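Only one structure is covered here, and it is reproduced in the block below.
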């Protein structure tokens, strides 16, 4: 059994929570960023937003700067600077829908993508739908790398975005994990 994530700031099981003009970084409180999985976690959040903020684990947190999971809906990330964790800047999974990422700058990290859509979630195997990526860029000028697995292809406008869909991402992800479990691989 895996241990639960240790997230710096969680927005969970709430509606209408709006964060604005924040600097979200464990180091600001004298904490070690490497002790955290995700810096900002949205979980079953509805009609929530973060605007004009910085979300940063200084590139050393274990997973993502922003993680959305468990059927989040109508969540927006607008006018933010997002410093990638060791995995991605943003991951959206677990049946989330109607998500907007707009006018944001991503500081890239070591992960294989900047925005990950529809990766495995043990809390919901539903596909991610209705994601918009609008005027999102990377601080180094390279294309924003979006990986699509168990998700619709996102709406993209402006910015410099490249979408990839791994071969195995063309199949429902729960089938892949069921197969792997049956073979004792996970």
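Listed values, structure above:
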{"item": "Which numbered condition residue 121 fails, given (1) modelled with pLDDT under 95; (2) more than 18 Å from residue 11 (Cβ to Cβ); (3) surrounded by 18 or more Cβ atoms within 10 Å (Cβ to Cβ)", "result": "(2)"}
{"item": "Sole residue being modelled with pLDDT under 95, under 23 Å from residue 80 (Cβ atoms) and in contact with a strand residue (DSSP E or B) (Cβ under 9 Å, 6 or more places away or on another chain), chosen from 126, 157, 151", "result": "151"}
{"item": "Complete set of residues in region 115-163 that are touching a residue at least 40 places away in the same chain (Cβ under 8 Å) and at positive phi", "result": "118"}
{"item": "Verdict on residue 85 being surrounded by 23 or more Cβ atoms within 10 Å (Cβ to Cβ), farther than 23 Å from residue 156 by Cβ and at pLDDT below 95", "result": "no"}
{"item": "Close pairs from region 1-21: first touching a residue at least 12 places away in the same chain (Cβ under 8 Å) and on the phi > 0 side of the Ramachandran plot, partner buried (at least 16 other Cβ atoms within 10 Å of the Cβ) and assigned to a loop (DSSP other than H, G, I, E, B), Cβ under 9 Å, at least 6 apart", "result": "13/44; 13/45; 13/70; 21/53"}
{"item": "Matching residues, region 155-170, being crowded, with 16+ Cβ neighbours inside 10 Å and over 29 Å from residue 4 (Cα atoms)", "result": "156, 159, 161, 163"}
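Yes or no, residue by residue, for (1) in contact with a helix residue (DSSP H, G or I) (Cβ under 6 Å, 6 or more places away or on another chain); (2) surrounded by fewer than 23 Cβ atoms within 10 Å (Cβ to Cβ); (3) closer than 18 Å to residue 114 by Cβ:
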position: 13; (1), (2), (3): no, yes, no
position: 17; (1), (2), (3): no, yes, no
position: 23; (1), (2), (3): no, yes, no
position: 31; (1), (2), (3): no, yes, no
position: 35; (1), (2), (3): no, yes, no
position: 52; (1), (2), (3): no, yes, no
position: 62; (1), (2), (3): no, yes, yes
position: 68; (1), (2), (3): no, no, yes
position: 75; (1), (2), (3): no, no, yes
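The values are calculated or read from the model by the stated rules, or taken from the named source; none is laboratory data. Quantities reported herein were computed from a predicted structural model and do not represent experimental measurements. Cβ atoms come from the backbone with ideal geometry, glycine included; neighbour counts cover every protein chain shown.
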